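Reading through the structure tokens given below for one structure.
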Amino acid sequence: MELQLALALPVHNPVRGFDLNDLERAPKEVLLEGSEPWSCRSTGCLESEKCVKNKRTSEEAFGKIDIGDMTQTLQVMLWSGQPNEDDDRKGRKCRNSYIINKKEVQENNLVGWPPITSWRKKQLHQHQGGQVINNDRAVDRSAGGSNSPFVKVKMEGVLIARKINIRLYHSYQTLTDTLISMFAQYQKNYKDGASYALTYQDKEGDWLLAGDVPWQTFIESVRRLEILRNGRGCAG
Amino acid sequence: MDPKGKGSPDASGLARVGSTFPDEVMQIVLALLNSHRDRSSVSLVCKNWYDAERFSRTHVFIGNCYSVSPEIVTRRFPNIRKVTLKGKPRFADFNLVPPNWGADIRSWLLVFAARNLCLEELRLKRMTVSDESLKFLSLSFPNFKALSLLHCDGFSTDGLAAIATHCMNLAELDIQENDINDKSGSWLSCFPENFSSLEVLNFANLRNEVNFEALDRLVSRCKSLKVLKVNKNISAEQLKRLLVHAPQLTELGTGTFLQDLTSCQYSELESAFNKCKNLKTLSGLSEVTALHLTPLYPACTNLIFLNLSYSALKDVQLAKLLVRCPCLRRLWVLETVGDKGLEAVGSNCPMLEDLRVFPADTFEDIAHGVTESGFVSVSYGCPRLRYVLYFCQQMTNAAVATIVHNCPNFTHFRLCIMNPCQPDYQTNEPMDKAFCAVVKTCAKLQRLAVSGLLTDVTFESIGRYAKSLKTLSVAFAGSSDWGMQCVLGGCPKLRKLEIRDCPFGNAALLSGFKKYDSLRSLWMSDCKVTMNGCRLLAKERPWLNVEVMKEEGSNESRANKVYVYRSVAGPRRDAPPFVLTL
């Protein structure tokens, strides 16, 4: 219940018909908090306002929220045991709505269903990054839960993110060279040679400008990368 | 006919009829017999044949490690060199069996070593294997050649290091999909520099980076290497180097295939693939989000098995690839290919026998999974289909009827409609008609997995028509005990029955007590069976092991997880506290 208050989101109406602009702040706040997606829960509304305030400048800098991330966040919250009362979920082709008509099984956390082996699940979740449900608990991989060298790279204004193996690079130079070639196709609109800044999210969840720390330290703490245009970076 | 036998005067006459073949001839003949069933039949003819068979048997397959003990096995077969063992019930793969359940290989290895077995090959599925066991294995059997672990747990990369270090004659190391404590990739560097006998190396599911130079040198040295499946940390550039050293590969599992390559690297990769003329199986290909599969094309001409089940390919990408694979017989894909992708399968793969469509990340709201229409398209284009595993969002009775009409030769039909108890989405009826059509049409059906909203009608049909059925998997189905009773009363060839979350209770369980002698095992979880029912069964059939797994805080009289299996070894001696043998 507190979860609902803090985020001002109706639990059972997650993705469709969601007005991004109104609720822009709330889910981003969750993401930026780091590993616990619902860390604002116990502190109630007031605290969450404060959280939002602190992050506001970064928000403004980063602009629009990635819809994909938000969907995943919301699904994690829904998974936290809220009973599902919503009828129109049946119409959705969302795979986490294991609605069973039987009386015995009311919760949405069926063990071992659908019958996909745990290895296959692990492989897929590593592959696609984002948040993972391990049958009983949520593990936020993007906040450094794992050893995985794979890091998502987004470019501001580009809808499709890429994924790279950070361990394949030996220096900031090789990394930026690769990123430039990867995203070259999106630069054609900005032929005036706009400058770019490479920012990253570290394992604490903070967004920083890449290049300040030694390479080794960087690869150990980087979780996500984002390329910003026109030299815009975060405040801190 | 044996001329010697007919002509030779022999005092014991008729009593020696069974041994008219001299032993040497018998051994030569038996050495050619590989099928376990044939060997079992041979052993039942007479004492002499029994003895001849048991001394000549080199390979033993044990489908349930608790059905027999290592002492019994080694006593009967003193000369075995290859052992295949399966341990936990299959639903352990889906986290339905608590950890530390058992099926530890340790006791087997101790007995094998004590009896001086010349162990060469060990293939384990769903067993618990510790690092100590692996080390013991590597040190106790100097001729050890092949280790294959599938869906096992309990070991770490330290165990692999021991195998690499000590097994001088290792030809096969296949660590596919195990619950391994992946500490580091240094195990690979433990292969001695002069070691060159490797033919199969599969470490696709390990997450830690191995030393690439060590791998490269290993691949260069092992001229007989046929199967190489690397993990995600191997880049496309590195893969190219490996391929250049091993163009003789028949099976390849790539690493992170997708990486932006310079045009020089790209053409080098393509030409490396071009040299791999013997490639029959291709897998891996993870991280393929945009189409960069073109370097692969030269190697696709002879491909028989394409495993794209870790590649989030879309329909267009799949279609382009399939056009290059005219010989394809086995295809595994993710549902991201959608119905359109399956249409491409139907159009391009006339030789297809095995199709598996797996779900993608279950928490991503993918608008396109696959539906009944994709499956139907495949059935029109691939009449030779005999094995299908299909995860889908929706299905209709009519579609399934059409599918089996087009492909009556199914031996394995595993349909998983992902929402439990979902009816035919067009008619809102139960999916009974679908599975009735399957069992009536597919006379050769050996394995069936059902799903969707099902009443007892389905099980009546299964019991009546599924004459060749060996394995049946049921979840969230049936209306009453009658359903299970029908299955137990019919299905003459049934060997494995696994049931979860069905309204089958004691009456159903007890109706099959004669049947259980011919089953390898029965699994029932979250059904309506009680402890009393299980006790009754155990009493009726004292030679069956009736095990109940108790969960904390559950109803005392309910038997939540029941595992019943036949055994000549008696009750388990290593059962953990939560397993009660009745």
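Does B:Leu44 count as over 20 Å from B:Leu119 (Cα atoms), loosely packed, with under 15 Cβ neighbours inside 10 Å and either within 31 Å of the chain's Cα centre (by Cα) or modelled with pLDDT of 90 or more (or both)?
Numbers: over 20 Å from B:Leu119 (Cα atoms): yes; loosely packed, with under 15 Cβ neighbours inside 10 Å: yes; either within 31 Å of the chain's Cα centre (by Cα) or modelled with pLDDT of 90 or more (or both): yes.
Here the answer is yes, as B:Leu44 does meet what is asked.
Apart from one condition, B:Ile462 fits all of (1) in a loop (DSSP other than H, G, I, E, B); (2) surrounded by 21 or more Cβ atoms within 10 Å (Cβ to Cβ); the exception is (1). Here is the figure for region B:140-171: residues that are among the polar types (S, T, N, Q) and farther than 22 Å from B:Cys118 by Cβ total 2.
Given the structure, is B:Ile180 within 14 Å of chain A (Cβ to nearest Cβ) and within 21 Å of B:Arg221 (Cβ to Cβ)? The answer is no for B:Ile180. Checked across region B:258-268, the condition of being modelled with pLDDT of 90 or more and open to solvent by less than 40 Å² (accessible area, probe 1.4 Å) holds for no residue. Within region B:422-449, take every residue that is assigned to a helix (DSSP H, G or I) and of a type in the set (Val, Ile, Thr) and give me the one that is farthest from B:Ala475 (Cα to Cα). The residue in question is B:Thr441.
May I ask you to list the residues in region B:299-321 that are more than 14 Å from chain A (Cβ to nearest Cβ), modelled with pLDDT under 95 and open to solvent by less than 10 Å² (accessible area, probe 1.4 Å)?
Correct list: B:Ala299, B:Cys300, B:Leu318, B:Leu321.
Does region B:223-243 include one or more residues that are free of Cβ contacts under 8 Å to residues at least 12 places away in the same chain and open to solvent by 10 Å² or more (accessible area, probe 1.4 Å)? Within region B:223-243 (the criterion being free of Cβ contacts under 8 Å to residues at least 12 places away in the same chain and open to solvent by 10 Å² or more (accessible area, probe 1.4 Å)), the answer is no, since none of the residues qualifies. Taking region B:501-515 as the range and being buried (at least 23 other Cβ atoms within 10 Å of the Cβ) and either out of contact with any strand residue (DSSP E or B) (no Cβ under 9 Å at 6 or more places or on another chain) or more than 12 Å from chain A (Cβ to nearest Cβ) (or both) as the test, the residues that pass are B:Phe504, B:Ala508, B:Leu509. Remark: B:Asn194 falls outside the filter, which requires a residue to be within 14 Å of another protein chain (Cβ to nearest Cβ), modelled with pLDDT under 95 and open to solvent by 30 Å² or more (accessible area, probe 1.4 Å).
If you go through region B:165-197 and pick out every residue that is closer than 21 Å to B:Lys232 by Cα and aliphatic (A, V, I, L, M), you end up with 4.
For B:Leu469, indicate whether it is among the aliphatic types (A, V, I, L, M), over 21 Å from B:Val546 (Cα atoms), open to solvent by less than 20 Å² (accessible area, probe 1.4 Å) and touching a Cys at 6+ places or on another chain (Cβ under 8 Å). For B:Leu469, the condition - among the aliphatic types (A, V, I, L, M), over 21 Å from B:Val546 (Cα atoms), open to solvent by less than 20 Å² (accessible area, probe 1.4 Å) and touching a Cys at 6+ places or on another chain (Cβ under 8 Å) - is met. Pairs linking a residue in region B:387-403 that is within 12 Å of another protein chain (Cβ to nearest Cβ) to a residue that is buried (at least 20 other Cβ atoms within 10 Å of the Cβ) and assigned to a helix (DSSP H, G or I), with Cβ atoms under 6 Å and 6 or more positions apart or on different chains, are B:Tyr390/B:Phe375.
Can you say whether B:Leu522 is away from chain A (no Cβ under 14 Å), part of a strand (DSSP E or B) and within 22 Å of B:Gly87 (Cα to Cα), as far as the supplied structure shows?
So B:Leu522 passes the test.
Quick one: in region B:206-222, which of the residues that are outside any helix (DSSP H, G or I), closer than 26 Å to A:Leu175 by Cα and not β-branched (Val, Ile, Thr) is least open to solvent (accessible area, probe 1.4 Å)? My answer is B:Leu206. Taking the criterion of being open to solvent by less than 40 Å² (accessible area, probe 1.4 Å) and more than 14 Å from every other protein chain (Cβ to nearest Cβ), the residues of region B:404-419 that qualify are B:Val404, B:Asn406, B:Cys407, B:Phe410, B:Thr411, B:His412, B:Phe413.
Against the condition under 23 Å from B:Tyr563 (Cβ atoms), hydrophobic (A, V, I, L, M, F, W, C), at pLDDT 95 or above and open to solvent by less than 20 Å² (accessible area, probe 1.4 Å), how does B:Ile72 come out, does it pass? Taking the combined requirement at face value, the residue does not satisfy it.
The values are calculated or read from the model by the stated rules, or taken from the named source; none is laboratory data. Here the structure is a predicted model, which is why all the values come from computation and not from measurement. A quick note on method: Cβ atoms are made from the backbone with ideal geometry, for glycine too, and the neighbour counts reach across all protein chains shown. SASA here: full protein model, heavy atoms, side chains in, ligands and nucleic acids out. Shrake-Rupley method; radii C 1.70, N 1.55, O 1.52, S 1.80 Å.
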